[in-house]
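Everything below concerns the one structure shown next.
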Amino acid sequence: MSQRPRDLSKLRLETRLVLAGRDSARSEGAVNPAVHRATTLLIADTDDLYNTPKSTYALDGMAVQQALREAVAAIEGGVDAALTPSGLAACTLALTTVARAGGERLVTDALYAPTRRFCDTTLRRLGVRTRYFDPRLGAAIAELMTPDTCGVFLESPGSLTFEVQDVPAIAAAARARNLPVLLDNTWSAGIFFQPFEHGVDVSIQALTKYQGGHADVFMGAVVSANEHWAQRVLATCKQIGMSAAPDDAYLVLRGMRTLGLRLERQSASALQIAHWLESRAEVAEVICPALPSHPDHAIWARDFSGCSGVFGCVLNAVDPARFKAMLEGYAIFAMGFSWGGYESLIVPTDDNIRRASAPQARPGPLLRLSIGLEHADDLIADLEAGFARLTP
């Protein structure tokens, strides 16, 4: 039996997605790892009960969790990954790891709403202040850094408003002051943006989205650039008591094997639909970083290797009743608060946006679209029928 290559970094993405995390010895020859539904591990040697590197409790994970950790780290280029029961838990784990009582966190104003809620409630209660900054601030973030600053949290693109941050410039400013940079890298699925090549210390993935890919599993991961951060993240994860269920880990790992193919299809369809939307009179703006019309397109083109299937769309002013009819009458698109699955979703997002800075003025409602695996022409026809419902 041939052995899988030890250094996956020299292989192309599609090959890495197939091989990452696979170990035939650990799986007794099976292609996929075993799923151990376990809590207690029996220990025969008293020397292995305490202060041992051996696993003594299944909360730390068994074969399938270890395989997924290895796979996620290998795809994103990190040294290790901690698994969490959701994407939000991955965000909160990363933030907690670098938190310091009396410290101040610099956080992008284009932030996933539940992460913002954690900053404004739990972290505040623990004595950690949050200072939100303009996501397009770039290197000027250095002017906000003080002796109290304990880290910088980025999300690029923003999951609702899709600003692309100048991560290398921000990371350089942080490194000059020995500050860690954390990035929610879910939009790129860890594939279209390589965080550690751009100065990020800790990368966060909501594996619920593209890695799982089938709208049937919650999971997150915190991937570290080096051993220092890996040890800190894993220690915090264990101290908090976070764990990932074996069946969930299996589903995510299975989803990752087809991630490259799904992303290729979803990206192509999303770009086709985004270009079509730009031609519609009902649309004021399409907010997709891969489009030349996007204000951050140059940064996206410099730092990203591709575009995922999630983007925004601003309509011109509409009658609320007709807007409601448009959203509720789709045959293919459905409303739902997620993205990255095989199904196409659409949701109005204005009520979900919170800003510390001045609110952005828009002529009409903001929509977020997540393009699935349906045929792009069918999705366009569904959207066109929706626009017809806007017309008196």
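The table for this structure:
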read-out	value
Cross-chain or 6+ apart pairs with Cβ under 7 Å, the range 161-186 first and more than 17 Å from ASP303 (Cα to Cα), then of a type in the set (Asp, Glu) and crowded, with 23+ Cβ neighbours inside 10 Å	PRO180/ASP201
Top-ranked residue in the range 303-356 [being β-branched (Val, Ile, Thr), within 30 Å of GLY260 (Cα to Cα) and touching an Asp or Glu at 6+ places or on another chain (Cβ under 9 Å); ranked as surrounded by the fewest Cβ atoms within 10 Å (Cβ to Cβ)]	ILE332
Residue in the range 239-247 that is outside the structural domain of CYS288 (by TED's automatic domain parsing), surrounded by fewer than 24 Cβ atoms within 10 Å (Cβ to Cβ) and touching a strand residue (DSSP E or B) at 6+ places or on another chain (Cβ under 9 Å) present	yes
THR52 vs. criteria free of Cβ contacts under 8 Å to residues at least 24 places away in the same chain, in a helix (DSSP H, G or I) and surrounded by fewer than 16 Cβ atoms within 10 Å (Cβ to Cβ)	no
Pairs, first within 24 Å of GLN205 (Cβ to Cβ) in the range 323-342, second of a type in the set (Phe, Trp, Tyr) and buried (at least 16 other Cβ atoms within 10 Å of the Cβ), C-beta under 8 Å, six or more apart	GLY340/TYR210
Cβ-Cβ under 7 Å pairs, at least 6 apart or on other chains, the range 194-214 side buried (at least 24 other Cβ atoms within 10 Å of the Cβ), far side charged (D, E, K, R)	PRO195/GLU76; SER203/GLU76; ILE204/ASP184; GLY213/ARG262
Pairs, first without any contact (Cβ under 8 Å) to a residue 60 or more places away in the chain in the range 226-239, second polar (S, T, N, Q) and surrounded by fewer than 17 Cβ atoms within 10 Å (Cβ to Cβ), C-beta under 9 Å, six or more apart	none
Test for SER203: is it within 17 Å of the chain's Cα centre (by Cα) and not assigned by TED's automatic domain parsing to the domain that holds ALA67	no
Some residue of the range 14-34 being under 26 Å from GLY199 (Cβ atoms) and in a helix (DSSP H, G or I)	yes
Hits in the range 133-149 (condition: within 17 Å of VAL98 (Cα to Cα) and either crowded, with 19+ Cβ neighbours inside 10 Å or without any contact (Cβ under 8 Å) to a residue 24 or more places away in the chain (or both))	PRO147, THR149
Sole exception among (1) touching a strand residue (DSSP E or B) at 6+ places or on another chain (Cβ under 9 Å); (2) surrounded by fewer than 22 Cβ atoms within 10 Å (Cβ to Cβ); (3) assigned by TED's automatic domain parsing to the domain that holds PHE193 for ASN226, by number	(1)
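The values are calculated or read from the model by the stated rules, or taken from the named source; none is laboratory data. Everything numeric in this text was worked out from a predicted model, so none of it was measured. For neighbour counting, all protein chains shown are included, and Cβ atoms are generated from backbone atoms with ideal geometry for every residue, glycine included.
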